[in-house]
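To start, the structure itself, in structure tokens.
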Amino acid sequence: MSLLVTGGAGFIGSNFIRRVAPKSSEPVVVLDALTYAGNLSSLDGVDGFTFVKGDICDRDLLGRVLAEHAIDRIVHFAAESHVDRSIHGPAQFIQTNVVGTATLLEAARAHGVLKFVHVSTDEVYGDLGPDEPAFTEETPIRPRSPYSASKAGSDHLVRAYFETYGFPMVITRCSNNYGPFQFPEKLIPLMILNALDGQRLPVYGDGLNVRDWIHVKDHCAAVERVLQEGRSGEVYNIGGRAERTNISIVKEILRLLQKPESLIQFVQDRLGHDRRYAIDCTKIERELGFVPQHRFENGLAETIEWFRQNDVWCKRARSGEYRDWYERNYRGRKDAPK
């Protein structure tokens with residue numbers, strides 16, 4: 001029995017590998033294309049996994065990986081995930097998130113995979129008004145950005161494989177993640193690093209957009225629980241019960257870093273910017289006994305400290321130097337990941 005984790009060099013994927021690989025008694029294989037957000041240095045010092053560089057759209061590669069490593073379970077993190085990038089270039093999101101997921105599903109079905117956990121997002125539900133109840137697993141899907149539409153498309157494909165073929169799938173939909181190893185384009189690491197450098201902190205619109213936040217380690221614990229115990233054909237919402245406005249988070253970061261609020265710069269709002277997300281995670285709490293362990297205030301403080309203490313990782317991520325990490329560390333070596 002072997003576990004394949006797609007996108008395992010990304011933010012959430014690398015945290016998941018850090019959680020499961022060292023304690024696993026079974027082989028763990030990481031498949032990642034190492035696009036701009038894939039960073040192998042995020043897995044420095046982690047034992048217990050095999051790395052394969054490759055694209056989930058590559059049907060032949062997937063077939064070889066599944067066969068050679070006797071894969072029977074898959075956790076599918078690999079995805080393009082930044083809304084701003086999807087607005088300016090939706091084609092890559094459709095290719096990776098929709099076509100890539102379809103290619104992976106077909107390879108997994110042909111190979112007889114026993115469990116497939118598809119990691120999705122609360123953004124597929126659309127947005128909420130200030131007084132509307134939180135998203136449940138029964139909330140209709142109404143994506144509003146190219147990113148969320150591409151993830152909704154992949155969700156529908158995964159569900160269709162269950163309904164048509166009896167494919168053993170589970171879908172998770174999480175709220176906004178934060179924590180160590182997050183690529184600096186996202187809100188919290190961007191604001192932390194800009195504040196540390198004394199740069200302006202760009203805030204969309206009036207800053208009153210609301211998100212529910214979950215620490216990445218809590219999210220990974222929930223995905224592991226779903227992998228172990230989640231029922232085939234089900235959807236599980238994963239949230240932190242921590243709704244916050246963007247501007248309140250930015251101000252809290254500045255307060256913790258003892259930086260002035262004058263660094264805040266309000267900028268033109270994002271096109272189609274969803275106003276509010278909120279997750280009702282009662283189902284996963286009731287059925288699988290999962291409860292987040294990180295209070296947002298404590299988790300944010302820990303995250304700020306991590307970025308302060310990992311200056312080298314941050315500088316390489318922002319400069320793009322990490323992108324040749326694979327070549328610098330493995331060129332010509334017989335044990336190079338394939």
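Numerical summary
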{"quantity": "Span from the the stretch 50-90 Cα centroid across to the the stretch 195-242 one, whole angstrom", "calculated": "21 Å"}
{"quantity": "Förster radius 25 Å - calculated FRET efficiency between Q268 and D131, Cβ distance, rounded to 0.05", "calculated": "0.40"}
{"quantity": "Local net charge near G129, Cβ-Cβ under 10 Å (Lys/Arg +1, Asp/Glu -1)", "calculated": "-1"}
{"quantity": "Length released on extending from R295 to E163, taking residue separation times 0.36 nm less the Cα-Cα span", "calculated": "43.7 nm"}
{"quantity": "Formal net charge of residues neighbouring V5 (Cβ-Cβ distance under 10 Å; K, R +1; D, E -1)", "calculated": "0"}
{"quantity": "Sum of side-chain charges, V223 neighbourhood, beta-carbon under 13 Å (Lys, Arg +1; Asp, Glu -1)", "calculated": "+4"}
{"quantity": "Nitroxide proxy distance, nm - points 7 Å out along Cα→Cβ at E287 and Q258", "calculated": "4.9 nm"}
{"quantity": "The stretch 88-192: C-alpha pair distances exceeding 23 Å, %", "calculated": "37 percent"}
{"quantity": "Amide H contacts of G8 (H built 1.01 Å from N, under 5 Å, at least 5 apart or other chain)", "calculated": "L31"}
{"quantity": "D269 long-range amide H proximity, modeled H, under 5 Å", "calculated": "G205"}
{"quantity": "Three semi-axes of the equivalent ellipsoid, the stretch 1-155, Cα gyration tensor, whole Å, largest first", "calculated": "27, 17, 16"}
{"quantity": "Relative contact order computed over the chain (Cα-Cα under 8 Å; 6+ residues apart), in percent", "calculated": "19 percent"}
{"quantity": "Simple spin-label estimate for D84 and V312 in nanometres, 7 Å along Cα-Cβ", "calculated": "2.8 nm"}
{"quantity": "Inverse mean reciprocal Cα-Cα distance (Kirkwood Rh) of the stretch 144-184, Å", "calculated": "12.3 Å"}
{"quantity": "E305/M1 FRET efficiency (R0 51 Å; Cβ-Cβ; nearest 0.05)", "calculated": "0.85"}
{"quantity": "At least 27 Å along the helix axis (C-alpha) and Kyte average at least 1.6, DSSP helices within the chain", "calculated": "none"}
{"quantity": "Rg/Rg_globular for the stretch 181-230, with Rg_globular taken as 2.2 N^0.38 Å and Rg from C-alpha atoms", "calculated": "1.56"}
{"quantity": "Net length gained if the chain between K23 and Q95 were fully extended (0.36 nm per residue, minus Cα distance)", "calculated": "22.5 nm"}
{"quantity": "Rg and Dmax [Cα atoms of the chain; Å; Rg one decimal, Dmax integer]", "calculated": "19.3, 59"}
{"quantity": "DSSP-defined antiparallel bridges as percent of all bridges, the chain, nearest 5", "calculated": "10 percent"}
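Every read-out reported here was derived from the displayed coordinates using simple, explicitly stated rules and does not represent laboratory data. A quick note: this is a predicted structure, and the numbers were derived from the prediction, not measured. Note that we place each Cβ from the backbone using ideal geometry, even for glycine, and neighbour counts take in every protein chain shown.
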